[in-house]
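Step one of this worksheet: look at the structure below.
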Amino acid sequence: MASAVSQSTLDHLARRLDELAAQFPTRPEAVEPVTLADDIATLSHHLQHAVERAQQRFTAPATVHAPERLVLVRLARATAGMAHALDTLTQALSYATTGFQRETVPDLAHTHLRNDPQVLRMLTAKKYVAARARLRNTAADLRTAPPPAGPPAPRATRPAARTTATPQRTRS
């Protein structure tokens, strides 16, 4: 039987995402295609592990109870955030390794800047910053536990009774 997915699982993943995001370069001079490829592989590994963990839990759906289902929903949302960051880094790798293609900046495709390493590093650094923000937001969402679901609290007061006012007669 697979172990349950709990808040501590989400906290662990959040720590890993924060550690990875902290290593991302923010300056064009710090961008290296080899490191970028390693970052993509690491994020891909974390994403794959999260998906496999969720799949394991649903091999026996009768054993997954309501509190764990809520955690699994949060894990699924986190995988979407991780996939978005992975897509952003993959675009950055495309910029860093192949230069300007149709998917990059079309206005620069026919200029001398199309293969300028500094311009490519600037674009890659911007993608890194976007991926870093996405991972940090995803990690924060993983740490934020929703309020416990319970029965609604009873009302403290009774609703006000409806009163109907009788119109006053005026004597003329």
If you take the residues in segment 23-39 that are open to solvent by less than 60 Å² (accessible area, probe 1.4 Å) and part of a helix (DSSP H, G or I), which one is modelled with the lowest pLDDT?
P33
Can you tell me how many residues within segment 1-57 are under 20 Å from R134 (Cα atoms) and hydroxyl-bearing (S, T, Y)?
5
Please enumerate the residues belonging to segment 108-132 that are in a loop (DSSP other than H, G, I, E, B) and at pLDDT 65 or above.
D116
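Check whether at least one residue in segment 158-169 is more than 17 Å from S44 (Cβ to Cβ), open to solvent by less than 30 Å² (accessible area, probe 1.4 Å), among the polar types (S, T, N, Q) and modelled with pLDDT under 60, and report yes or no.
No, there is no match, as no residue in segment 158-169 is more than 17 Å from S44 (Cβ to Cβ), open to solvent by less than 30 Å² (accessible area, probe 1.4 Å), among the polar types (S, T, N, Q) and modelled with pLDDT under 60.
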Just checking, which of R57, R77, R53 is open to solvent by 50 Å² or more (accessible area, probe 1.4 Å) and over 15 Å from the mean Cα position of the chain (by Cα)?
R53
Specify the residue that is farthest from T9 (Cα to Cα); the eligible residues are those in segment 60-69 that are hydrophobic (A, V, I, L, M, F, W, C) and surrounded by 10 or more Cβ atoms within 10 Å (Cβ to Cβ).
A60
When every residue in segment 40-50 that is open to solvent by 40 Å² or more (accessible area, probe 1.4 Å) and either touching a residue at least 12 places away in the same chain (Cβ under 8 Å) or in contact with a Gly (Cβ under 8 Å, 6 or more places away or on another chain) (or both) is compared, the one nearest to Q23 (Cα to Cα) is T42
Within segment 1-50, the count of residues that are under 17 Å from the mean Cα position of the chain (by Cα) and basic (K, R) comes to 2
Complete set of residues in segment 92-104 that are surrounded by 18 or more Cβ atoms within 10 Å (Cβ to Cβ) and modelled with pLDDT of 85 or more
A92
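The values are calculated or read from the model by the stated rules, or taken from the named source; none is laboratory data. As the structure is a prediction and not an experimental result, all values here were calculated from the model. All Cβ positions, even for glycine, are placed from backbone atoms using ideal geometry, and neighbour counts span all protein chains on display. Note: areas computed on protein heavy atoms with side chains; ligands, DNA, RNA excluded. Shrake-Rupley method; radii C 1.70, N 1.55, O 1.52, S 1.80 Å.
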